[in-house]
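Take a look at the structure set out below.
Each value in this text was obtained by applying a stated rule to the coordinates, not by laboratory testing. All values reported here derive from a predicted model rather than from experimental measurement. Please note: Cβ atoms are built from the backbone with ideal geometry, for glycine as well, and neighbour counts cover all protein chains shown.
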Ligand SMILES: *Cc1c(COP(=O)(O)O)cnc(C)c1O
């Protein structure tokens, strides 16, 4: 059920936090090292503000236009000003939206090409990015291949305004989250090989396994907001 009442969202956020803490415990990690991003795509400003009141500070949006329209509405509802929501772009970024995105989000999770990096560098904004990696090589998914990463990182290093902070992946759909553990592990090894510290991986179906494998950012939608409209 999609319950957008404050109490429904608050209870679900509490449950997700407990599950994060338990996964950290199993992995011998400090929960402070895991940022919970509420994936708020398709959610109206009221639901997002309810998540804010439940203590969520990081929000993930997939579409630049949808996010730009929502941001001022949510910020008005939370009344938090500059200490307000931190907006992450978690979806794939199209080049024609890159300039608008560069100034509006704290970090862009879905960057996967050198041309996109060029466009971001031309935006005039200091931009923090994660490279999206299609670890499992799924034809239907965005993301660079693991083999392309070296060249992408070298390309981005030319630009002082572009800061590559880590890697992001969307794991294949699986009925058993254990099945995608190797995907998360592979992303962690890739990040380690490139000295990158941020690992954005894990969603409603698989965030605990992702945390056990080293996720620093999990992107959770349905477990917080209920089923999407
Ligand atoms: C929608 C989405 C999520 C959250 O998915 P849930 O299954 O609702 O937790 C995370 N990451 C990306 C890139 C998404 O598009």
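Points worth noting:
- Where helices (runs of 4 or more DSSP H) fall wholly inside segment 1-101, the ranges with 2 or more residues that are in contact (Cβ under 8 Å) with a residue 12 or more places away in the chain, under 19 Å from the mean Cα position of the chain (by Cα) and more than 16 Å from the ligand (Cβ to nearest atom) are 45-53, 64-78.
- Each residue in segment 145-170 was checked for being within 16 Å of the ligand (Cβ to nearest atom) and out of contact with any strand residue (DSSP E or B) (no Cβ under 6 Å at 6 or more places or on another chain), and 1 pass.
- In summary, residue 216 fulfils each of the numbered conditions (1) within 11 Å of the chain's Cα centre (by Cα); (2) within 14 Å of the ligand (Cβ to nearest atom); (3) in contact (Cβ under 8 Å) with a residue 40 or more places away in the chain; (4) farther than 15 Å from residue 26 by Cβ with the single exception of condition (2).
- From 111, 106, residue being closer than 14 Å to residue 163 by Cα, within 19 Å of the chain's Cα centre (by Cα) and surrounded by fewer than 20 Cβ atoms within 10 Å (Cβ to Cβ): 106
- When segment 191-208 is filtered for residues that are assigned to a helix (DSSP H, G or I) and either on the phi > 0 side of the Ramachandran plot or buried (at least 19 other Cβ atoms within 10 Å of the Cβ) (or both), the ones remaining, listed by number, are 191, 207, 208.
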